[in-house]
1. Please name all residue pairs, on different chains or six or more residues apart, with Cβ atoms under 6 Å, provided the first residue is in the stretch B:19-41 and is more than 9 Å from chain A (Cβ to nearest Cβ) and the second residue is of a type in the set (D, E, K, R).
2. Within the stretch B:69-79, restricting attention to residues that are modelled with pLDDT under 95 and in contact with a strand residue (DSSP E or B) (Cβ under 9 Å, 6 or more places away or on another chain), which residue is nearest to the other protein chains (Cβ to nearest Cβ)?
3. For the stretch A:1-14, which positions are under 18 Å from A:Ser87 (Cα atoms), loosely packed, with under 14 Cβ neighbours inside 10 Å and over 15 Å from the mean Cα position of the chain (by Cα)?
4. Find all pairs meeting these conditions: Cβ atoms under 7 angstrom apart; at least six residues apart or on different chains; first residue within the stretch A:35-52 and more than 10 Å from chain B (Cβ to nearest Cβ) and over 16 Å from B:Ala88 (Cα atoms); second residue among the small types (Gly, Ala, Ser) and not in a loop (DSSP other than H, G, I, E, B).
5. Among the residues in the stretch A:81-100, are any within 11 Å of another protein chain (Cβ to nearest Cβ), in contact with a Lys or Arg (Cβ under 6 Å, 6 or more places away or on another chain) and either surrounded by fewer than 21 Cβ atoms within 10 Å (Cβ to Cβ) or part of a loop (DSSP other than H, G, I, E, B) (or both)?
6. Select, from B:Thr82, B:Thr103, B:Thr108, the only residue that is over 17 Å from B:Pro2 (Cα atoms), in contact with a Phe, Trp or Tyr (Cβ under 9 Å, 6 or more places away or on another chain) and either modelled with pLDDT of 95 or more or not basic (Lys, Arg) (or both).
7. Which ones in the stretch B:10-47 are of a type in the set (Gly, Ala, Ser) and at pLDDT below 95?
Amino acid sequence: AQKVTQAQTEISVVEKEDVTLDCVYETRDTTYYLFWYKQPPSGELVFLIRRNSFDEQNEISGRYSWNFQKSTSSFNFTITASQVVDSAVYFCARPDHGSSNTGKLIFGQGTTLQVKP
Amino acid sequence: EPEVTQTPSHQVTQMGQEVILRCVPISNHLYFYWYRQILGQKVEFLVSFYNNEISEKSEIFDDQFSVERPDGSNFTLKIRSTKLEDSAMYFCASNGVNNYGYTFGSGTRLTVV
């Protein structure tokens, strides 16, 4: 399987700080998709974003932004002005089979973010 | 917004017992999956299902596991003889291709005692 690496196991910040979660992926494919999911303490997996490799523009959604760099195979996630409710485990993932967005997802190890008041 | 529904949310079972985890995928989705997450670890793929058959399975998905789509709406995961190491959160997901991709259910926490 093509790996997804989230090197940061745990990050702790104080509310209102900005925080960036790193994701590095392996790929042998020309086209591929990347995902981020949030897993709050309640345990469910919440979809945050899907990107395809054709689109290298950074994306912003409220306090969330994503920086996609094909040259370094990275898809980093930044939360601006973090809030306590952002405390969760965040997973980066990609389908194992190239341009498919229906094949099995390969997840990174996850980064546990703790936002303190 | 359409959801993937999983039942039960938590199940406790004795080692050696059979369990069936149930999922109702989003109605117009065509691809279905089961994933597992042992406590504190990453989410691992178990099996994918398309066109009424398994399209891919992982090494974890051995003969003790089976999946079924019995009635066109439910998608089930059966573990025939549970082991202690089967204790985990099990997630069902479905995918309709033309939307944002994979939608996950809230999970079933299986505890084998």
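The values are calculated or read from the model by the stated rules, or taken from the named source; none is laboratory data. No experiment lies behind these values; they were computed from the predicted model shown. Glycine also receives a Cβ, built like all others from the backbone with ideal geometry; neighbour counts cover every protein chain displayed.
1. From the stretch B:19-41, the pairs are B:Ile20/B:Lys78; B:Arg36/B:Glu44.
2. If we filter the stretch B:69-79 for residues that are modelled with pLDDT under 95, which is where we start, we get B:69-74.
Subset that is in contact with a strand residue (DSSP E or B) (Cβ under 9 Å, 6 or more places away or on another chain): B:69-70, B:73-74.
Details: B:Arg69: 16, B:Pro70: 22, B:Ser73: 20, B:Asn74: 19 Å.
Per the criteria, the residue is B:Arg69.
3. Hits for the stretch A:1-14 are A:Ser12, A:Val14.
4. A:Lys38/A:Ala88; A:Pro40/A:Ala88
5. Looking through the stretch A:81-100, at least one residue is within 11 Å of another protein chain (Cβ to nearest Cβ), in contact with a Lys or Arg (Cβ under 6 Å, 6 or more places away or on another chain) and either surrounded by fewer than 21 Cβ atoms within 10 Å (Cβ to Cβ) or part of a loop (DSSP other than H, G, I, E, B) (or both).
6. Exactly one residue qualifies, and that residue is B:Thr108.
7. Within the stretch B:10-47, B:Ser27, B:Gly40 qualify.
Listed here are the residues, each with its yes/no results for (1) under 13 Å from A:Asp18 (Cα atoms); (2) out of contact with any strand residue (DSSP E or B) (no Cβ under 8 Å at 6 or more places or on another chain).
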residue	(1), (2)
A:Phe54	no, yes
A:Asn58	no, no
A:Ser61	no, no
A:Ser65	yes, no
A:Phe68	no, no
A:Phe77	yes, no
A:Gln83	yes, no
A:Cys92	no, no
A:His97	no, yes
